[in-house]
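The values are calculated or read from the model by the stated rules, or taken from the named source; none is laboratory data. This is a predicted model, so every value here is computed, not measured. Neighbour counts run over all protein chains shown; Cβ positions are idealised from the backbone, glycine included.
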Amino acid sequence: MLLAIDTSAGTSVAVVDREAGILVELTELDTRRHAEVIGTLIDRALHEAGVGARELTAVAVGMGPGPFTGLRVGIAAARVFALGAGLPVLPGVSHDAIAYGQPDPVLVITDARRREVYWSRYAGSDDAGLPVRAAGPGLIAPELLDTVTGSAPIRRLEPEGVSAGALGLVAEHLSAHRRAFASDAALYLRSPDVTPSAGPKRVTG
């Protein structure tokens, strides 16, 4: 049984069981309230599922792609919860959760702000029901999306948020079939707005 967290778009928290599926999923789509709601959503999800931390086997977390500020809230929350509960962290690509359950090729698109979008192209699902990512994740202007889809028509999925429940199910399937998880490095795909200066600031008298 997993606690799953994704803040790559809105804030989504779920409790997922491999056999029973998504037990509880709570979502806040406001992309400016990640830090305000993440703790409450985790507490509510566990309470509504009737699950204690000791009953969990891991914490699944979406590593993006997503904007820096929001994405790091979910990753930090997942890591802190897992550390306190003595659980492993299972990193996943957030777009995989959107493509989960899609047997045919799809292009997943999420808002990257600044007149850009994140994209990932999927070839469908494999024999285990896991999404097969053919290209991406990447960052591009919406008007250039045709350059990453190839010549064949492809259905586009543009959800407002990412389901932590679907992310948790992907993690459960990866674990069951002994597949590799994503890297534990966040997929920001864009440099942060603020960077450290190259050297110490010169002081003049």
If you go through segment 125-152 one residue at a time, how many are of a type in the set (Ser, Thr, Tyr) and part of a strand (DSSP E or B)?
-> 1
Could you list, in sequence order, all residues of segment 85-110 that are more than 17 Å from Ile22 (Cβ to Cβ) and not in a loop (DSSP other than H, G, I, E, B)?
-> Ala85, Val89, Pro91, His95, Val106, Leu107, Val108, Ile109, Thr110
Working only within segment 140-170, note down all residues that are loosely packed, with under 12 Cβ neighbours inside 10 Å and farther than 25 Å from Glu25 by Cβ.
-> Glu143, Leu144, Asp146, Thr147, Ser151, Ala152, Pro153
For residues that are of a type in the set (A, V, I, L, M, F, W, C) and assigned to a loop (DSSP other than H, G, I, E, B), scanning just segment 153-170, find the one that is modelled with the highest pLDDT.
-> Val162
Filter result for the condition that a residue is in contact with a helix residue (DSSP H, G or I) (Cβ under 7 Å, 6 or more places away or on another chain), farther than 22 Å from Pro67 by Cβ and surrounded by 18 or more Cβ atoms within 10 Å (Cβ to Cβ), over Pro131, Pro137 | Pro131
